[in-house]
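The structure appears below as structure tokens.
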Amino acid sequence: MTISRVLIANRGEIALRIIRACQELGIETVLATSEADRDSLPARLADRAICIGPARSAQSYLNHRAIVTAAIGAGADAIHPGYGFLAESPDLAEASASNGITFVGPTADHMRRMGNKIQARLLAREAGVPTLAGSEKIGSPQEALAVAERVGFPVILKAAAGGGGRGMKVVTSARNLEQTFTAASAEAGSAFGDPTLYIERYISNARHIEVQILGDRFGNVVHVGERDCSLQRRHQKIVEEAPAPSIAENLREEIRNAAVKLARNINYENAGTAEFIYDEDEKRFYFLEMNTRIQVEHPVSETISGIDLVQEQFRIADGQPLRVAQPDIVFRGHSIECRINAEIPEDGFRANAGLIEEWAPPVGPNIRIDTHCYAGYRVPIFYDSMLAKLIVYGSTRGEAVQRMKRSLERFVVTGVGTTIPFLHFMMQREEFASGAVTTHLIEDVMPQFSGSSR
Amino acid sequence: MTISRVLIANRGEIALRIIRACQELGIETVLATSEADRDSLPARLADRAICIGPARSAQSYLNHRAIVTAAIGAGADAIHPGYGFLAESPDLAEASASNGITFVGPTADHMRRMGNKIQARLLAREAGVPTLAGSEKIGSPQEALAVAERVGFPVILKAAAGGGGRGMKVVTSARNLEQTFTAASAEAGSAFGDPTLYIERYISNARHIEVQILGDRFGNVVHVGERDCSLQRRHQKIVEEAPAPSIAENLREEIRNAAVKLARNINYENAGTAEFIYDEDEKRFYFLEMNTRIQVEHPVSETISGIDLVQEQFRIADGQPLRVAQPDIVFRGHSIECRINAEIPEDGFRANAGLIEEWAPPVGPNIRIDTHCYAGYRVPIFYDSMLAKLIVYGSTRGEAVQRMKRSLERFVVTGVGTTIPFLHFMMQREEFASGAVTTHLIEDVMPQFSGSSR
Amino acid sequence: MSNDLSTLDEEHVRQLGRIIETLERSTFDFIQLEIGDLKVTIGKGNIPVPEATSPPARPAVAAPGTMPPSAPAPAQTTPAPRQVQSSGHAHPGAVDIKSPIMGLFYAQPEPGAPPFVTVGATVGEDSTVALVEVMKTFNAVSAGVRGRIVEVCVLDAQLVEFGQVLFRVMPE
Amino acid sequence: MSNDLSTLDEEHVRQLGRIIETLERSTFDFIQLEIGDLKVTIGKGNIPVPEATSPPARPAVAAPGTMPPSAPAPAQTTPAPRQVQSSGHAHPGAVDIKSPIMGLFYAQPEPGAPPFVTVGATVGEDSTVALVEVMKTFNAVSAGVRGRIVEVCVLDAQLVEFGQVLFRVMPE
């Protein structure tokens, strides 16, 4: 490994996750922190922490100039961006490269090509990967109407520069289309700096399936299996699992191969994820977008494959060829991840911050906790509400569900409200137990949870 | 599962391990504790704890009548004995059965047949499993001399009722034989209540390899791979790994199959381990003994197979057929376990008890800690010195060694001396890195460790 | 009782002063005093804090099963014997008769017979007060003290732990 | 009961005073008094707090690598800026000039030029005292206070953190 010191441009559990990978690889860690995270657990566990700016992300974690400066000042020869914040910022990748610092991720060019969702759809089609019927780009409500009528309602309007579930609006009939188009375009402009929209056919009975990819500098690409991330609230994932339950084996192979083909077509480098929507009625899948970073839910793939994805990210960034070919990757058993968020599910998953009084996560074989929290930690109001990821393994999906249920029962958190009771409720639902997980399941069962928790 | 409440007749990390298995299986736990362990972590985490006697094991953990009474009084329908103490006591198994309580382990008959090492050797030969040249039973020094001259010096004298490394003496020439025989016989009589000895050819360049077995009530037997436990001090293991490094694949298959055959021949039920000695010079293996219980080092097999052996013990005891056939068991990667003992390696691994002041085990993906310790725990003087088992997984053996090394570096214990520095030293030895691990390695390198730690 | 300083009257303050002075003359480092709601700590160095130890298991959502009411809650770390002893506060000066072994407690020599002792009974040191059974072996428990039984702490045929308090006796 | 100072009447304050005096005469460091909702702690030095929280990373055997001496040890939780502030104890009454951004600190306008300020220099609120560079952008740092520089806390061309103390000034 020629990388000897890395600047970690992130916070929370992923900062800690990266520190741990580095400890095992013998890489020194420098953590860039905001003022609010100065005394955080990752700041204490890193070899060094540098306060790069005030609490607000725009002036700290989203400031790529500050991050590169901190890396130079600390003598770091690499930057790991984690997920979120600047993980998919071509600017950070470029600034790193032009300062002779290794960016642990794909190239700025890969990010740009996949960052624009319209271009990503084109790339997928070039690779022969199915995409949803819809448009490349729409310039006016009239154009939107024409496309919508061609593909049929309901349709979904998406921001070309969006992603990760943000900037999406479902339109069920021609009546609301113009109004929604105007609103969505304005929103996209202010949120992503680009008002461009595109339309896709909307699949209501859908599952979200994504394929983990690793590619190296030498054109080798492997997949590390797929994940099902259908359990979402407000288009954001809260439960993920691998492998995807209840899909035909030939489809599983197809979806995995499609992802590999897409990545190979663009010489994709480092870890990435191809996201697909799976039409439960038609039993077909369609490419949605590609995430050019490590994802929150990467541990479920690590658990079923035994591959440490974050360590592989470093090896790839270091210029090493992939250590495994596809046949070397052995999948075994089933893994589920629950996101423990500081949120009140009954109240529309409203985030709540505050002081964690008790913090006693479950422990035991086949239970993994990725977290930066501890008893006495004050959850800052400035960042996302995720406190921990609880990941379990089981020989079978049933065993994993059972283990997750018991683990949630033993997870004690007081001081802040969490999603634990809701996740426990979900684990007991027949729909989840049977693998009949769709993107609207949470919405469907929410009234019953709210009723039961009174 | 018809078992609904189990009495756990053990202490320390294995008590906690069993509690965790039960939490996931939905079995209530009642812990039988000695007075010294009344406030221990497992006593607090069990659903109920019952103090069965004073600190000394003879009047508590070794008192099978007290244990069965506690089980009856607490309404338990099963007893799990853990390892050590009464785990291989036919009396406890029998007393459980005659009181209508399920014993989570093999039958008393299996224990008796395998408990006598001379009989176990016979059973192995019946199954066509190779044993070391030697005698069935020797009655006098003269007989011992005759056998020793037939098989050739050095030889090893063993107690028929011994096991687990206890009651063994190596004799290098005819000169010491008579004297050693008399001493060993007397020792065996006082330690195991049976002075019977037998002789085996002694292999000096040896490795200790054992095979994990699971058998059910219906005659199904599978192996869960082999473990190498060669790293021993005073015939007691301190590092174990799976799979065994540097043995030919055909031998690996042979040794696994031999264990299955032996177990199948006696309709073995529940978890068990067939121990072999592997002659590094001749590249041949010989059956030593069979342990009729779960072993300390079971987590390395769990890690490479994904099977929860303690949960399987409960399912088998419950009368369920094995859930897996041999082809279903997928081995992946490499796992190493280090025993963190409260011992001073430089001082002949002398045990030391006391108050644990700081206790910060390493955490992270692919690191598992089985322990009952915490900051503020006072290690009692009455029991064995094991504080924790540190288990790691790696895609390759090299990765596992590296992860173990880094994990040991991050394992902070103050207040009591531990084996951590010695284990760290061993992980860095070229002999260990290359897989050239033999039963005399620790003895060979000890002077260098003692020198370096001054 | 109103929870403010007015509960500390002239007399209390004088008493605290005297406690400080007495402690001063002693070789002790601190005194902690707790009377109902009132807690006083006086000492040198840092205030002694209860140690943190490790997380108790407390189910966040639901317990996996139910246990008979006699079973202590998982989070409760006080072992049973001490709970029983605490009931003795009602009889200052009384001493405990503890079970010398774990087993099933029998108050009478055989079913239907009158109990060995009841509250008010006078016992000598060698008086048998109960039997504790361990797998059909019945162990007689002697009082070990002369006096009058003031409390019977366990029910007949109940499992008693090693060291659990069976009776309380007012010595005579 | 109202939870404010009005619950402390004349008499209470006198009593507290006597407790303090008694404690004063003793060799003890503190007294803690808790009566229901009311808690009083009297003592010397810092208020003793029960320590917290989560395990520090301290290598048990060997560090995996070496860091320049400027890097704080992993177990050290005090961030750099506070360490710098603590050096100011030598100048009671002095105030800090902190870095408004993270970047490379330059004491002079260009290489070879004299520094903006040195110890003893007088500054006004708008005086530029240093430059902090973030990727070729140089940000002027103003004193923000009138006074005399009594300490320069960082070296030229060193990385300074957000909020790190650069200078200490005795206000005039």
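Rounded to whole Hz and in sequence order, give me ³J(HN,Hα) for the stretch D:91-106 from the Karplus expression 6.51 cos²θ - 1.76 cosθ + 1.60, θ = phi - 60°, writing x for Gly and Pro.
Using θ = phi - 60°, the values come out as 10, x, x, 6, 10, 8, 9, 9, 6, x, 9, 7, x, 8, 8, 10 Hz.
Would the stretch A:206-452 count as rounded, prolate or oblate if I go by the C-alpha gyration tensor, calling it rounded below 1.5 in a/c and otherwise prolate when a/b exceeds b/c, oblate otherwise?
Details: a/c = 1.85, a/b = 1.43, b/c = 1.30.
Because a/c hits 1.5 or more and a/b exceeds b/c, the stretch A:206-452 counts as prolate.
Using only the Cα atoms of the stretch B:5-104, what are the Rg and Dmax in Å?
My reading of the Cα-based Rg and Dmax gives 11.7, 32 Å.
For A:ASN270, what residues show an amide H to amide H distance below 5 Å, using hydrogens built from the backbone and excluding near sequence neighbours?
A:GLY215, A:ASP216
Give the cross-link partners of C:LYS39 among the lysines, using a straight C-alpha distance below 26 Å as the criterion and excluding same-chain residues fewer than 8 apart.
D:LYS39, D:LYS44
Would you list which aspartates and glutamates come within 15 Å of B:LYS283, measuring only between C-alpha atoms, while excluding same-chain residues fewer than 8 positions from it?
Candidates past the 8-residue exclusion: B:ASP228, B:GLU249, B:GLU253, B:GLU254.
Amide H neighbours of A:LEU132 under 5 Å, at least 5 residues apart or on other chains, H built in the peptide plane: list them.
Those qualifying (amide H under 5 Å, at least 5 residues apart or on another chain) are A:PHE287.
At a 10 Å Cβ-Cβ cut-off, how would you order D:GLU24, D:GLU161, fewest neighbours first?
Details: D:GLU24 10, D:GLU161 27.
Ordered by Cβ neighbours within 10 Å, fewest first: D:GLU24, D:GLU161.
Would you mind checking A:LYS237/A:LYS261; B:LYS237/C:LYS136; B:LYS117/C:LYS136; B:LYS389/C:LYS98; B:LYS237/B:LYS405 for any pair whose Cα atoms are more than 29 angstrom apart?
Correct reply: B:LYS237/C:LYS136; B:LYS117/C:LYS136; B:LYS389/C:LYS98.
What are the label-to-label distances in nm, one decimal and shortest first, from B:GLY26 to the same spot in the other copies, with labels 7 Å along Cα to Cβ?
5.0
Take D:ARG148, project a point 7 Å from its Cα along the Cβ direction, then tell me which residues of the stretch D:86-127 have their backbone nitrogen under 11 Å from it.
D:120-123
Among the chymotrypsin sites (Phe, Trp or Tyr not before Pro) in the stretch B:175-239, which ones are in a DSSP loop with at most 13 other Cβ atoms within 10 Å of the Cβ? Mind listing them?
Working: sites: B:PHE181, B:PHE192, B:TYR198, B:TYR202, B:PHE218; in loops: B:TYR202, B:PHE218.
Passing both the DSSP loop test and the Cβ count: B:PHE218.
Calculate, for A:ARG112 and A:TYR374, the FRET efficiency according to 1/(1 + (r/R0)^6) with r their C-beta to C-beta distance and R0 35 Å; round to the nearest 0.05. Could you put the intermediate results ahead of the total?
On the way: r = 39 Å, r/R0 = 1.12.
Efficiency, from the Cβ-Cβ distance: 0.35.
Quick one: order B:VAL211, B:VAL324, B:VAL221 by neighbouring beta-carbon count within 10 Å, fewest to most.
Details: B:VAL211 26, B:VAL324 17, B:VAL221 23.
Arranged by neighbour count, lowest to highest, B:VAL211, B:VAL324, B:VAL221 become B:VAL324, B:VAL221, B:VAL211.
For the stretch A:232-309, what number results from the quotient of the Cα radius of gyration and 2.2 N^0.38 Å?
Working: Rg = 13.1 Å, N = 78, 2.2 N^0.38 = 11.5 Å.
After normalising by residue count via 2.2 N^0.38 Å, the value is 1.13.
Looking at the stretch B:292-368, which GluC sites (Glu not before Pro) are DSSP coil and have at most 15 other C-beta atoms within 10 Å of their C-beta?
Numbers: sites: B:GLU297, B:GLU302, B:GLU312, B:GLU337, B:GLU343, B:GLU346, B:GLU357, B:GLU358; in loops: B:GLU297, B:GLU357.
Answer by residue number: B:GLU357.
Taking the Cα centre of the protein assembly as shown as origin, work out the dipole magnitude from +1 charges on Lys and Arg Cβ and -1 charges on Asp and Glu Cβ, in debye rounded to 20. Intermediate values should be presented prior to the final figure.
Numbers: 122 positive and 150 negative charges, 283 e Å.
For the protein assembly as shown, the charge dipole is close to 1360 debye.
³J(HN,Hα) across the stretch A:191-199 via Karplus (A = 6.51, B = -1.76, C = 1.60, θ = phi - 60°), whole Hz, x for Gly/Pro?
For the stretch A:191-199, the Karplus curve yields 7, 10, x, 8, x, 4, 10, 9, 10 Hz.
Can you give the net charge of the other residues whose Cβ lies under 12 Å from the Cβ of B:SER89, counting K and R as +1 and D and E as -1?
Working: positive: B:ARG65, B:ARG112, B:ARG293; negative: B:GLU88, B:ASP91, B:GLU94.
Taking every other residue near B:SER89 into account, the sum is 0.
As a test of the formula, what do you get for chain B when each DSSP H run with n ≥ 4 contributes -39,500 (n - 2.57) and the sum is divided by the residue count, at 222 nm and rounded to the nearest 500 deg cm²/dmol? Present the calculation step by step, with values, prior to reporting the outcome.
On the way: 15 runs with 158 residues, N = 454.
Per the formula, -10500 deg cm²/dmol.
Give the Kirkwood hydrodynamic radius (Å, one decimal) of chain B, defined as one over the mean of 1/r across all pairs of different Cα atoms. Write down the numbers at each step before the final one.
On the way: mean 1/r = 0.0443 Å⁻¹.
With all distinct Cα pairs of chain B included, I get 22.6 Å.
Would you work out the Kirkwood radius for the protein assembly as shown? I mean one over the mean of 1/r across all pairs of different Cα atoms, in Å. Kindly include the intermediate steps, with their values, before the conclusion.
Details: mean 1/r = 0.0288 Å⁻¹.
Taking every pair of different Cα atoms in the protein assembly as shown, averaging 1/r and inverting gives 34.7 Å.
Once the convex hull of the C-alpha atoms of the stretch B:358-410 is built, how many Å³ does it hold per residue, rounded to a whole number? Numbers along the way, then the final one.
Working: hull volume 4.4 nm³, N = 53.
Normalising the Cα hull of the stretch B:358-410 by residue number yields 83 Å³.
Taking the Cα atoms of the stretch C:112-172 alone, what are Rg (to one decimal) and Dmax (as a whole number) in Å?
Using the Cα atoms of the stretch C:112-172, the pair Rg, Dmax is 11.4, 35 Å.
Once you have a ≥ b ≥ c as the square roots of the Cα gyration tensor eigenvalues for the stretch B:133-201, tell me rounded if a/c is under 1.5, and otherwise prolate or oblate according to whether a/b is larger than b/c. Walk me through the numbers on the way to the answer.
On the way: a/c = 1.72, a/b = 1.57, b/c = 1.10.
Judged from the Cα gyration tensor, the stretch B:133-201 comes out prolate (a/c at least 1.5, a/b above b/c).
How would the stretch A:307-431 be classified by its alpha-carbon gyration tensor: rounded, prolate or oblate, with rounded meaning a/c under 1.5 and the a/b versus b/c comparison settling the rest?
Working: a/c = 2.36, a/b = 1.44, b/c = 1.64.
Verdict is oblate for the stretch A:307-431.
Tabulate in residue order the Karplus-calculated ³J(HN,Hα) for the stretch A:292-300, using 6.51 cos²θ - 1.76 cosθ + 1.60 with θ = phi - 60°, rounded to whole Hz; enter x for Gly and Pro.
9, 6, 6, 10, 3, 8, 4, x, 5
Rule-based calculations on the coordinates, nothing more; no lab input. As the structure is a computational prediction, the values presented were derived from the model and not from experiment. So basically every Cβ, Gly included, is an ideal-geometry build from the backbone, and we count neighbours across all protein chains shown.
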